[in-house]
Amino acid sequence: MRVLFVGDVFATPGLKAVRAYLGAYGGDYDLRIVNAENATGGRGLTEKHFDLVRAAGADVVTLGNHTFDQADTAELLERTTHLIRPLNYPPGTPGLGATTVEVAGTHVTVAQVMGRLFMDPLDDPFRALDDLFASLPEGRPVILDAHTETTAETKVLGHHVAGRAAALLGTHTHVQTADEQVFDGTAYLTDVGMTGVEASSIGVTFEGPYAAFRTQRRHRFTPAEGAATVCAVALELDGARATSIERIRWRHDPATGGGAEPGDGRTGHVVRAEGARAV
Ligand SMILES: [Fe+2]
Ligand SMILES: [Fe+2]
């Protein structure tokens with residue numbers, strides 16, 4: 001089974017790029033997962049933009065710390081099983097933290113947890129994952145979105161699920177890391193990266209963060225405009241285990257609607273399971 005996981009879609013340039021990428025390559029995959037926590041102007045996801053990402057071909061959409069930034073998202077979460085928020089929000093939080101989809105006759109569970117370092121103090125993500133695995137049948141492929149700020153917490157979450165999850169993929173920092181590996185059948189990347197304008201401060205124009213960092217006062221942040229890059233990973237699964245993970249960075253050219261890099265613009269590295277060992 002081939003799975004595509006697209007990192008945090010940021011504002012209109014990110015939406016245009018993910019739509020173009022899924023239009024060109026979505027058919028190469030059996031399951032398409034998109035983190036869209038920043039799709040609506042950089043903050044959260046309205047129903048309109050959720051519908052747009054779904055219509056583009058996403059099977060499951062994940063959120064993060066921006067889950068409730070838009071007023072209609074809580075109600076949307078109650079109505080669909082194709083949108084999830086972190087599993088470790090307190091009991092009673094609207095929506096699902098895990099969802100199961102049928103892909104070519106196989107049930108695949110997609111779940112998200114949020115880290116607690118430099119983030120909102122949610123419940124323990126490690127225990128939330130243990131409870132999730134305890135609730136699932138043996139042999140179920142599980143793809144995890146780890147919405148985390150620090151590399152150490154993400155790595156340790158990966159270690160925690162090694163041999164149990166098919167993949168644990170970091171989101172939230174908006175910068176793709178180069179440490180893809182497969183250990184004990186679990187594909188891992190510390191951060192998938194952002195689907196948005198690279199010439200920016202993680203999606204917004206430099207002016208606002210530059211002024212904020214230099215003056216220690218709040219300043220208005222404005223989403224950057226222009227060509228966006230799709231940051232994603234492609235996974236190969238054999239049953240509930242991953243056999244490979246490939247990083248993707250694909251530069252969207254709005255003028256042509258396609259990739260702006262030589263060839264089809266897809267870049268990445270493939271790490272095969274036989275070359276990787278449990279950490
Ligand atoms: Fe994000
Ligand atoms: Fe985030």
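Since every read-out is calculated from the coordinates, none of them should be taken as a lab result. Here the structure is a predicted model, which means the values were calculated and not measured. No Cβ is skipped: glycine too gets one built from the backbone with ideal geometry, and neighbour counts run over all protein chains shown.
A few remarks follow.
- Virtual paramagnetic centre 7 Å along Cα→Cβ of H82, amide N under 12 Å, in the range 1-32: 32
- Calculated diffusion of the range 76-142, Stokes-Einstein form, Kirkwood radius summed over Cα pairs, 25 °C and 0.890 mPa s, µm²/s: 192 µm²/s
- Choice from A199, A187, A211 with maximal GNM fluctuation in the chain (Cα, 10 Å cutoff): A211
- Trypsin sites (Lys or Arg not before Pro) within the range 137-217: DSSP coil, no more than 14 neighbouring Cβ in 10 Å: R217
- Rounded to the nearest whole Hz, the Karplus-based 3J(HN,Hα) values (6.51 cos²θ - 1.76 cosθ + 1.60, θ = phi - 60°) of the range 246-253 follow the sequence 10, 7, 10, 10, 10, 7, 7, 10, with x at glycine and proline.
- Distance between the range 62-114 and the range 149-181 - C-alpha centres, whole angstrom: 19 Å
- Within the chain, helix-based [θ] at 222 nm, where runs of 4 or more DSSP H residues each add -39,500 (n - 2.57), nearest 500: -6500 deg cm²/dmol
- Applied to the range 223-230, the Karplus parametrisation 6.51 cos²θ - 1.76 cosθ + 1.60 on θ = phi - 60° returns per-residue 3J(HN,Hα) values of x, 5, 10, x, 6, 9, 10, 7 Hz, with x for Gly and Pro.
- Sorted largest first, extent of the range 11-165 alpha carbons per principal axis (Å): 36, 36, 30
- Neighbour-limited loop hits for chymotrypsin sites (Phe, Trp or Tyr not before Pro), the range 89-169 (at most 10 other Cβ within 10 Å; DSSP other than H, G, I, E, B): F118
- Cβ-placed point charges (K, R +1; D, E -1), dipole of the chain about Cα centre in debye, nearest 20: 480 debye
- Helix runs (DSSP H) in the chain reaching 20 Å along axis by Cα, Kyte-Doolittle at least -0.5: 11-25
- Put a dot 7 Å past the Cα of R43, heading toward its Cβ, do the same for T106, and the two dots end up 4.1 nm apart.
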